[in-house]
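Here the structure is laid out as structure tokens; the discussion comes afterwards.
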Amino acid sequence: MSIAAVKPDQGTRVLSYAGALLETMDAALADHANTFIMGQGVDDFKGIFGSTTGLAEKYGAARVFDVPLMEEGMTGVAIGASLVGDYPITTHIRADFSFLAMNQIINLAAKYRYMFGGLMRCPMLIRIVVGRSWGQGAQHSQSPQSTFAHYPGLTVVMPSSSQAILDMYPAIINRHPGPVISIEHRLLYNLDFTVSPSEHRVPLTSYVARKGSDVTVVATSVMVLEALRAAQYVEDKAGISAEIIDLNSISHPDWDLVAASVRKTGRLVVADTSWLEYGVAAEVCRQLVMRDPGLLRQPPTMLGMAPAPCPTAKSLEDIYYPSQHETVDAILVQVRGDNHGIALPVERSMTEGYKRFRGPF
Amino acid sequence: MKDEAIYRRLFRTALLIRLVEERIIELYPSDKIQSPVHLSIGQEAVAVGVCDGLKPDDLVFATYRSHGFYIAKGGSLDAMFAELYGRKGGVSGGKAGSMHLAAPEVGLMGSSAVVASTIPHAVGAALSFKRRGLSQIAVAVFGDGATEEGVYHESLNFAALMKVPVLFLCEDNGLAVHSHRPVRQSYRLAEHAASFGIASRRLEEGWDMLAIRQATLEAAAKVRAGEPFVLEIVTSRYKEHVGVGEDFHFNYRTSDGVDAWKRRDPLIVDQKLVATLRPDIEREIEAAVAFAEASPAPGRDELLADVI
Ligand SMILES: Cc1ncc(C[n+]2csc(CCOP(=O)(O)OP(=O)(O)O)c2C)c(N)n1
Ligand SMILES: [Mg+2]
């Protein structure tokens, strides 16, 4: 599957998400002598699903190195190095493991600039990967964007395409003044995208991934792809024009952009990779209601994980996450009402579309 | 320099720390300092001896109990009092208070109120020094209680693996809040460190500034050569854990240990030197208090500054 995040034009090429990560990691090490990458397995043959492969050989063990199982300690080490001028990049192959680093991320990194009145800064990039499908289960599947975005001092992004990585990472690494958490999605790693030479098309905030006029879909991460596929389907089958906004930055979205779109369409679907409760979906509604309680013509539709820990059985996992079927239905219901009468795609399991991810991890 | 001159220099800094904290005790009932204070009275010799044994560009990563390290590293007294007062002229514009003193210009790289949380920062700074081929060392300052936290273990392991120039400095006052060390620890710090291949030393004479300075010089030399080191210094916290009072009447400890310590405390024993140095130091402190009093309070303009 190849999905264009941008309109193909001069100089486009096809690049996988993992390939985009590898290119940006490589460029960061080449361009900035103060940058180093550490994490469990960054220098092994799997190289964080191909995103760091070969870099230890190229830049040496002082700049790309494995660490013991010490999520909190590693993050503290990164803060210390950052405080003296380094730019550390750390990795967690599952977001769930970054919870062991919560103390350093939330109590220290997020606070250091403010708590010391601007005396200290600890810019760094924390890359964490959300797992999904192939039985990831309760502890390999969590998507903590709203958790992290809740804390002032953290910048949280969720790149949904190779283009987003090519555009954002160079703007973050060694440039952004504070700690940034990038929540990458495992399902995206092996997908190919059409990319253009980086002209910062994807900003460090929200952007319109597809223009439309009938309904606004605010989506995050892999759900942006799902929304794009659904938008194509409803256009083909029903001539519905869905506008897709990739929220992209969870901590610093462009709420004016979202509000302007909803003002135009009056209809809203939010498609997030996590739970709805106290999450992105809730924040989207807060932002809209605070601007103008009359923006929506009808109650919005919310797509996210079912309010339970993630089950392992495929039959349960398939109904735990929103399917392509449900994403399409959400858009149709918004525009045509409950009895829209339009046939839904046959695909019930969203991960059918990501066949290349065959596990195990 | 002769020991006598060094002693006098150390003594003056230690006395400055003590008189600053005694001034804080006097001011506290006025509510001008609205910040939890963890006094280091009784422990000054550690900060003074250690910082004097370091080079000026060696970095210290500290804790909420860091008035002593801030002053011993050379932080501005005016900015410290203004910080305690929550004023704009404070070292961090009033956003830090007593528990988060920092003075990066003299190598105090922040202090945290989450126990043990700055220990890995020292390791990270040391890692950077090593990669860049610098001769600086980083010092993690922490209490005996902090060694119970997992991140202490993680930090020692990583420092030993990477052979980074970090000095782990444990201020052993035998207490974590009101809890005594034997009920908290099933290990011995030296043996624990040795299991990582990290050399250590325990100095019982934590009132002796010259001995602490000497121990630091020796430890720092090893660290600078590329080996992490654990230096444990026994000390005594005279005051309550947090706040400006005493706490013997709560009966979780007797005053015996503190009394014995006071009989050896140079700032108590050497009254002649105290009398000589005191007037000058008091003028310095009064000027800092006056600076704080005159400094404006931060407001709306500062509330949302420096968040990201
Ligand atoms: C992670 C964490 N747990 C608990 C506390 C509450 N607390 C504050 S100081 C302290 C005792 C720490 O003892 P020690 O490390 O020996 O330092 P000391 O106060 O004796 O200087 C505790 C438990 C805290 N601040 N942080
Ligand atoms: Mg203690």
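Structure notes:
- Consider region A:1-43 and keep the residues that are modelled with pLDDT of 95 or more and charged (D, E, K, R). The one that is farthest from residue A:92 (Cα to Cα) is A:31.
- Checking the stated criteria, residue B:200 turns out not to satisfy the condition of being away from chain A (no Cβ under 14 Å) and out of contact with any strand residue (DSSP E or B) (no Cβ under 9 Å at 6 or more places or on another chain).
- Qualifying residue in region A:89-105 (condition: more than 12 Å from chain B (Cβ to nearest Cβ) and under 27 Å from residue B:108 (Cα atoms)): yes
- Residue that is surrounded by the fewest Cβ atoms within 10 Å (Cβ to Cβ) [pool: residues in region A:218-260 that are at positive phi and under 17 Å from the mean Cα position of the chain (by Cα)]: A:248
- Residues (of a type in the set (Ser, Thr, Tyr) and in a helix (DSSP H, G or I)) located in region B:243-301: B:276
- The residues of region B:272-293 that are without any contact (Cβ under 8 Å) to a residue 60 or more places away in the chain and open to solvent by 80 Å² or more (accessible area, probe 1.4 Å), listed by number, are B:272, B:276, B:283, B:286.
- Within region B:57-102, the set of residues being over 18 Å from residue A:112 (Cα atoms), within 16 Å of ligand 1 (Cβ to nearest atom) and open to solvent by less than 10 Å² (accessible area, probe 1.4 Å) comprises B:67, B:68, B:69.
- Within region B:177-185, the presence of a residue that is within 16 Å of ligand 2 (Cβ to nearest atom), part of a helix (DSSP H, G or I) and within 14 Å of chain A (Cβ to nearest Cβ) is excluded.
- Test result for residue B:35, surrounded by fewer than 24 Cβ atoms within 10 Å (Cβ to Cβ) and farther than 19 Å from residue B:240 by Cβ: no
- Annotation note: Cβ proximity below 7 Å between a residue of region B:169-181 that is more than 6 Å from ligand 1 (Cβ to nearest atom) and a residue that is among the acidic types (Asp, Glu) and in a helix (DSSP H, G or I) (sequence gap 6+ or interchain) occurs for no pair.
- The set of residues in region A:40-68 that are assigned to a loop (DSSP other than H, G, I, E, B) and either within 26 Å of residue B:151 (Cα to Cα) or of a type in the set (D, E, K, R) (or both) comprises A:40, A:41, A:42, A:43, A:44, A:46, A:61, A:62, A:63, A:66, A:67, A:68.
- Being in contact with a helix residue (DSSP H, G or I) (Cβ under 7 Å, 6 or more places away or on another chain) and assigned to a helix (DSSP H, G or I) is a condition met by no residue of region A:196-203.
- Listing of helices (runs of 4 or more DSSP H) fully contained in region B:62-168 that carry 2 or more residues being more than 12 Å from chain A (Cβ to nearest Cβ) and away from ligand 2 (no atom under 16 Å from the Cβ): B:67-73, B:77-84
- Among the residues of region B:38-56, those identified as part of a loop (DSSP other than H, G, I, E, B) and either in contact with a strand residue (DSSP E or B) (Cβ under 7 Å, 6 or more places away or on another chain) or open to solvent by 10 Å² or more (accessible area, probe 1.4 Å) (or both) are B:43, B:54, B:55, B:56.
- Residue in region B:201-216 that is assigned to a strand (DSSP E or B), under 19 Å from the mean Cα position of the chain (by Cα) and surrounded by 18 or more Cβ atoms within 10 Å (Cβ to Cβ) present: yes
- Residue A:186 vs. criteria over 19 Å from residue A:255 (Cα atoms), open to solvent by 10 Å² or more (accessible area, probe 1.4 Å) and within 12 Å of the chain's Cα centre (by Cα): yes
- Looking across B:126, B:159, B:140, one residue alone is within 17 Å of residue A:84 (Cβ to Cβ), within 16 Å of ligand 1 (Cβ to nearest atom) and surrounded by 23 or more Cβ atoms within 10 Å (Cβ to Cβ). It is B:140.
The values are calculated or read from the model by the stated rules, or taken from the named source; none is laboratory data. A quick note: this is a predicted structure, and the numbers were derived from the prediction, not measured. Counting neighbours? That spans all protein chains shown, and the Cβs are built from the backbone with ideal geometry, glycine included. Surface accessibility is based on the protein's heavy atoms, side chains included, excluding ligands, DNA and RNA. Shrake-Rupley method; radii C 1.70, N 1.55, O 1.52, S 1.80 Å.
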